[in-house]
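For reference, the structure is listed below as structure tokens.
The values are calculated or read from the model by the stated rules, or taken from the named source; none is laboratory data. Just so it is clear, the structure is predicted and the values come from calculations on it, not from any experiment. Cβ atoms come from the backbone with ideal geometry, glycine included; neighbour counts cover every protein chain shown. Areas reflect the complete protein model, heavy atoms only, side chains present, ligands, DNA and RNA absent. Shrake-Rupley method; radii C 1.70, N 1.55, O 1.52, S 1.80 Å.
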Amino acid sequence: MDNLLRISGLVSGIDVDKIVDKLMKAERFPLNRMKQRQQLLEWQRSDYRAMNTLLLDLKTSAFQLGLEATFNVKNAVSSDESKLAVTADASAGNTSYTMTNATMATAANNSSTSSIGDASFDPSKSLWSMQGHFTNGLTFTQQSVTGEQIAVSADGTSFSLDHGAVTAGSATISVTDSSGTTTAYTVYTDQASYDADTSTNKVLIDQETGNMTFGTTITAGSTISADYQYNEVAFSLTTYDDAGQAVTQSYTFDGSKSLNDIMNAVNQSDAGVNMFYDSATGKVAVSRSETGNYNTAGKEILFNGSFLTTTLALNSANEQGGTDATFTLNGLTTKRHSNEFTISGVTFQLKSNIAAGETVTVNTSTDTETIFESIKSFVDKYNETIEKINSELSEERYRDFQPLTDEQKKEMSDDDIENWEEKAKSGMLRNDSILTSGLSEMRLDLYSPVSGAANSAYDQLSEIGITTSTNYKDHGKLIIDENKLKAAIADDPNAVKELFTVDTGSFDTSGLATRIEKTVEETIDRVEQKAGNAAMTYSQYFLGRKINDLDGKIDRFLDHLNDVEDRYYREFTAMEKAIQRANQQSAFLMNQFS
């Protein structure tokens, strides 16, 4: 509202700005009240949303406790973890197993019958460059490519064919520019001949990699066309699946690939084998990725193609076949392909053989400790929630401490402002009906027995060792008798599970966690109707509409204040003009008399 261009009081000598400022302070009083009211609403909204965050955490905790999986946790203990490790899922019963005469499964494996390379052989270099270093020879198959197209996206002289190991003298290369003009290029595969050609319409092809270097820049938008022949190796591997059915994987690689490239590709494929080259022996080893005997009628890894059988010297006849794990479990002798297998919800992992006469015992039981911790976690969260909500409900409201105006803050220190606002913000939710009702409903949820429970001895909290604090200052906090709760879980875990998890849609017969989750959700909804959430607009909740309404009133009142201030200045300006005229008349009269 301040107008820095105003210059007043020149005639009268009156400090008009100071007078108007004091007059406007009185006029601004209703504006300050509206801004204070708006600030209180925003603080109240913030406190409501903080409570909803707290309630949401409790709802999540109740949801977790209401899941059957929370109570269907099992312990599995082996008498000798070094030989047999065990875990149990929710479907496992409380039982015991004895395992004897166990022999671990092995995987089928094979290796080259002799060293595959000479002293200079390097498995990381291309087959093309190493073809003279394979001791058993390397035979390529020649393939032809017609009309390979390379779209040029940026100016350049270097481009690559799709394949390496290009046959000398087999390539024809042409370039069609963006105007449609096609130019044929002379192809070279040796540097000396390429350098000797003084023309620019030439291209050098690296036979190993398929890289092309042109004698002139190929512009963006052009298309390179290539016909050529390249050399590749092809082979296949046959393995067997769980049903004993043959599964064949075929592979082709051009000569620019190394032996390492080929082995990595095979290892990452669905062949189910692992290959590696051993530099100490110069041999390639191949093994099944999984243990077990998958082809009882013969070999498990069959090699097809001269690259495997001749170059890599792999012979299926030399295979060391895979074996199944065999064991006797509770008197039943059986076998599995893997050393890890699951029976009735218990997963067994053989770590070593169990000799004849040895016995490893496995016991499965309800995991009382984990269930106890889950219930305790919920109780802790419930106690934390009601403590914080009750603290808000009973917080003192200091009505004499209203939100500070900007002018008031200018006259106070930071510490004074902080202390003042601490009291001004206090008690925003004092005796709030929504939160009070929510707490009452939660207490009713927890203290009411679950009707129709299969075991009536465990149909309410007190019967499993969870009671209410007798200290009135605790406002209904829950107290856990650890020994009694663990005893109830051990005695009848299903009854304890039903006490919390059953969901019938009816209050009387629903579990405690189910009731709490529903009550908390309803309370959150009621709070959101009043205070909204970050995703809602002002018009979607009660406090937002009030804040929005005050925004409009403040804007209108600011316009009114501008009008009032302008009126004051107009009046003082009129006074100045009147004084000016009086001074002029007085000067005229004095001049006449003199």
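Filter the stretch 433-468 down to the residues that are of a type in the set (A, V, I, L, M), open to solvent by less than 70 Å² (accessible area, probe 1.4 Å) and without any contact (Cβ under 8 Å) to a residue 12 or more places away in the chain and list them by number. Let's see the steps before the verdict.
Of the residues in the stretch 433-468, the ones of a type in the set (A, V, I, L, M) are 434-435, 439, 442, 444, 446, 450, 453-454, 457, 461, 464, 466.
When the remaining residues are screened for being open to solvent by less than 70 Å² (accessible area, probe 1.4 Å), the result is 434-435, 439, 442, 446, 450, 453, 457, 461, 464, 466.
Within the stretch 433-468, none qualify.
Selection of the stretch 260-305 for residues being within 25 Å of S338 (Cβ to Cβ) and aromatic (F, W, Y) yields F276, Y294, F303.
Would you point out the residue of the stretch 469-512, among those that are of a type in the set (S, T, Y) and within 18 Å of Q64 (Cβ to Cβ), that is surrounded by the most Cβ atoms within 10 Å (Cβ to Cβ)?
Going residue by residue through the stretch 469-512, those that are of a type in the set (S, T, Y) are 469-470, 472, 501, 504, 506, 509-510.
After this cut, where a residue has to be within 18 Å of Q64 (Cβ to Cβ) as well, the list is 501, 510.
Details: T501: 20, S510: 22.
Only one residue fits best here, namely S510.
For L237, the conditions (1) at pLDDT 95 or above; (2) touching a Phe, Trp or Tyr at 6+ places or on another chain (Cβ under 7 Å); (3) within 23 Å of S289 (Cβ to Cβ); (4) open to solvent by 20 Å² or more (accessible area, probe 1.4 Å) are fulfilled apart from (4). Apart from one condition, G210 fits all of (1) on the phi > 0 side of the Ramachandran plot; (2) in contact with a helix residue (DSSP H, G or I) (Cβ under 7 Å, 6 or more places away or on another chain); the exception is (2).
Step by step: first the residues of the stretch 240-291, then only those that are over 39 Å from the mean Cα position of the chain (by Cα) and either under 22 Å from M104 (Cβ atoms) or acidic (D, E) (or both), then the one that is surrounded by the most Cβ atoms within 10 Å (Cβ to Cβ). Which residue is that? Before the answer, list the steps.
Step one: filter the stretch 240-291 for residues over 39 Å from the mean Cα position of the chain (by Cα), giving 244-246, 254-256, 278-285.
Cutting the leftovers down to either under 22 Å from M104 (Cβ atoms) or acidic (D, E) (or both) gives us 244, 254, 278, 285.
Working: G244: 11, D254: 21, D278: 13, A285: 16.
My answer is D254.
When we screen A69, A105, A92, A62 for residues that are farther than 30 Å from L138 by Cα, touching a residue at least 12 places away in the same chain (Cβ under 8 Å) and touching a His at 6+ places or on another chain (Cβ under 7 Å), the only hit is A105.
Candidates are the residues of the stretch 451-505 that are of a type in the set (D, E), modelled with pLDDT of 90 or more and in a helix (DSSP H, G or I); the one that is nearest to E373 (Cα to Cα) is E482. Checking T405 against (1) open to solvent by less than 70 Å² (accessible area, probe 1.4 Å); (2) modelled with pLDDT of 90 or more; (3) out of contact with any Leu (no Cβ under 6 Å at 6 or more places or on another chain); (4) not aliphatic (A, V, I, L, M), which test does it fail? The single condition T405 does not satisfy is (2).
Of the residues in the stretch 199-208, at least one is within 47 Å of the chain's Cα centre (by Cα) and open to solvent by 50 Å² or more (accessible area, probe 1.4 Å). Taken over the stretch 47-56, the criterion of being open to solvent by 70 Å² or more (accessible area, probe 1.4 Å) and touching a residue at least 24 places away in the same chain (Cβ under 8 Å) is satisfied by L56 alone. Among strands (runs of 3 or more DSSP E) entirely within the stretch 124-192, having at least 3 residues that are modelled with pLDDT of 95 or more and within 51 Å of the chain's Cα centre (by Cα) singles out 141-151, 156-160, 172-176.
For the stretch 26-37, the set of residues classified as touching a residue at least 60 places away in the same chain (Cβ under 8 Å) and either open to solvent by 60 Å² or more (accessible area, probe 1.4 Å) or within 14 Å of F557 (Cα to Cα) (or both) consists of E27, R28, P30, L31, N32, M34, K35, R37, listed by residue number. Among the residues of the stretch 214-233, at least one is of a type in the set (S, T, Y), free of Cβ contacts under 8 Å to residues at least 60 places away in the same chain and either surrounded by 14 or more Cβ atoms within 10 Å (Cβ to Cβ) or touching a Gly at 6+ places or on another chain (Cβ under 7 Å) (or both). Selection of the stretch 358-372 for residues being assigned to a helix (DSSP H, G or I) and surrounded by fewer than 14 Cβ atoms within 10 Å (Cβ to Cβ) yields only E369. Anything in the stretch 377-407 that is closer than 20 Å to E422 by Cβ, among the basic types (K, R) and in a helix (DSSP H, G or I)? List them, or say none. Residue satisfying the conditions is K388 alone.
For every residue, the table says whether it meets (1) part of a strand (DSSP E or B); (2) aromatic (F, W, Y); (3) open to solvent by less than 50 Å² (accessible area, probe 1.4 Å); (4) in contact with a strand residue (DSSP E or B) (Cβ under 6 Å, 6 or more places away or on another chain).
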site	(1), (2), (3), (4)
T296	no, no, no, no
T309	no, no, no, yes
A313	no, no, yes, no
F327	yes, yes, yes, yes
K335	yes, no, no, yes
T342	yes, no, no, no
Q349	yes, no, no, yes
S352	no, no, yes, no
A356	no, no, no, yes
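In the stretch 387-395, is there at least one residue being closer than 21 Å to L512 by Cα, open to solvent by less than 40 Å² (accessible area, probe 1.4 Å), within 41 Å of the chain's Cα centre (by Cα) and not aromatic (F, W, Y)? Taking every residue of the stretch 387-395 in turn, at least one turns out to be closer than 21 Å to L512 by Cα, open to solvent by less than 40 Å² (accessible area, probe 1.4 Å), within 41 Å of the chain's Cα centre (by Cα) and not aromatic (F, W, Y).
How about the stretch 129-173: which of its residues are among the hydroxyl-bearing types (S, T, Y) and more than 22 Å from T186 (Cα to Cα)? I'd like the intermediate steps shown before the answer.
Let us first name the residues in the stretch 129-173 that are among the hydroxyl-bearing types (S, T, Y), namely 129, 135, 139, 141, 144, 146, 153, 157-158, 160, 167, 170, 172.
Hits for the stretch 129-173 are S129, T135, T139, T141, S153.
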